[in-house]
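Visitor: Below you'll find the structure I mean.
The values are calculated or read from the model by the stated rules, or taken from the named source; none is laboratory data. As the structure is a prediction and not an experimental result, all values here were calculated from the model. Positions of Cβ are backbone-derived with ideal geometry, glycine not excepted, and every protein chain shown enters the neighbour counts.
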Amino acid sequence: MISPIISLEESWSQELTRKRQLLAKYQALLTNKTKVAQAEKAMKGAIAKMEGQFLSGANPAVAAADLQEILKQLTSSHGVNLTSTKILQSREAGAFQEVPVQVQISGNVAQLVTILYNLEHHKKFLFITELEVNAPRWLAGAQKDTAMLQINLVVSGIIKKGPEKKGTTS
């Protein structure tokens, strides 16, 4: 009569040990769940902050207009003459689209350096993909800083691609 009770007590003891291990595992998972939720929240915040650095507009045409406006404001605020702008064909870059604009400006060396610096450090993600500088011949006795450079550059910005539109069938 005592043997079945001892056997039942051992069985319950083993079951209790197994349940404690299972409880510890679930508690660890619960702790990890809160850590994962915090990491997910931080990641979403970082993504939202990064998306604020994309060009405005849901399509390349609107984004190109935004980029042109940025370039106009930047050149006019630094006394650089913007002679022409041309919107180039946008390119796919994974989940994003690169929107390039070709601009021709004229200014001196100091203005060029200022423009390049401001483009590279703009609050939007802007990239200078091409740069061509044509300098006039330097004549003896002429001041180096006053020579007007003709600068041709391609500036690109990034937009997030919109959802793919599926064709309809009739």
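Visitor: Can you list residue pairs whose Cβ atoms sit under 7 Å apart, with the first residue in segment 52-63 being closer than 16 Å to ILE87 by Cβ and touching a residue at least 24 places away in the same chain (Cβ under 8 Å) and the second being among the charged types (D, E, K, R) and surrounded by 15 or more Cβ atoms within 10 Å (Cβ to Cβ)? Count only pairs 6 or more apart in sequence or on different chains.
Guide: Final answer for the pair search is LEU55/ASP66; LEU55/LYS124; GLY57/ASP66.
Visitor: Looking at LEU82, LEU29 in this structure, which one is exposed (fewer than 11 other Cβ atoms within 10 Å of the Cβ) and free of Cβ contacts under 8 Å to residues at least 60 places away in the same chain?
Guide: Values: LEU82 fails: exposed (fewer than 11 other Cβ atoms within 10 Å of the Cβ).
Unique residue meeting the criteria: LEU29.
Visitor: Six or more apart or on different chains, Cβ atoms under 8 Å: show the pairs whose first residue is in segment 109-123 and assigned by TED's automatic domain parsing to the domain that holds SER76 and whose second is in a helix (DSSP H, G or I).
Guide: ILE115/LEU74; ILE115/THR75; ASN118/LEU74; LEU119/LEU74; HIS122/ILE70; HIS122/LEU74
Visitor: In the list LYS49, LYS86, LYS33, which residue meets the criterion of being closer than 24 Å to PHE127 by Cα and at pLDDT below 90?
Guide: LYS49
Visitor: So which residues in segment 119-170 are at pLDDT below 70 and either acidic (Asp, Glu) or assigned to a strand (DSSP E or B) (or both), if there are any at all?
Guide: The answer is ASP145, GLU164.
Visitor: Run down VAL101, VAL109 and say which single residue is hydrophobic (A, V, I, L, M, F, W, C) and modelled with pLDDT under 95. Explain how you work it out, then say what you get.
Guide: Values: VAL101 fails: modelled with pLDDT under 95.
Answer to the selection: VAL109.
Visitor: Within segment 71-94, count every residue that is of a type in the set (S, T, N, Q) and either outside the structural domain of LEU149 (by TED's automatic domain parsing) or within 23 Å of the chain's Cα centre (by Cα) (or both). Give the derivation first.
Guide: First pass over segment 71-94, keeping only residues of a type in the set (S, T, N, Q): 73, 75-77, 81, 83-85, 89-90.
Okay, now just the ones that are also either outside the structural domain of LEU149 (by TED's automatic domain parsing) or within 23 Å of the chain's Cα centre (by Cα) (or both), so 73, 89-90.
Counting residues in segment 71-94 that are of a type in the set (S, T, N, Q) and either outside the structural domain of LEU149 (by TED's automatic domain parsing) or within 23 Å of the chain's Cα centre (by Cα) (or both) gives 3.
Visitor: Tell me the residue from LEU8, LEU30, LEU74 that is in contact with a helix residue (DSSP H, G or I) (Cβ under 7 Å, 6 or more places away or on another chain), aliphatic (A, V, I, L, M) and outside any loop (DSSP other than H, G, I, E, B), please. Full working, then the answer.
Guide: Working: LEU8 fails: in contact with a helix residue (DSSP H, G or I) (Cβ under 7 Å, 6 or more places away or on another chain); LEU30 fails: in contact with a helix residue (DSSP H, G or I) (Cβ under 7 Å, 6 or more places away or on another chain).
Only one candidate passes the filter, namely LEU74.
Visitor: Can we say LYS44 is assigned to a helix (DSSP H, G or I) and either outside the structural domain of VAL155 (by TED's automatic domain parsing) or among the hydroxyl-bearing types (Ser, Thr, Tyr) (or both)? First the steps, then the outcome.
Guide: Working: assigned to a helix (DSSP H, G or I): yes; either outside the structural domain of VAL155 (by TED's automatic domain parsing) or among the hydroxyl-bearing types (Ser, Thr, Tyr) (or both): yes.
When the stated conditions are applied, LYS44 passes them.
Visitor: Would a scan of segment 56-68 turn up a residue that is assigned by TED's automatic domain parsing to the domain that holds GLU120, at pLDDT 90 or above and in contact with a helix residue (DSSP H, G or I) (Cβ under 7 Å, 6 or more places away or on another chain)?
Guide: Checking segment 56-68: not a single residue is assigned by TED's automatic domain parsing to the domain that holds GLU120, at pLDDT 90 or above and in contact with a helix residue (DSSP H, G or I) (Cβ under 7 Å, 6 or more places away or on another chain).
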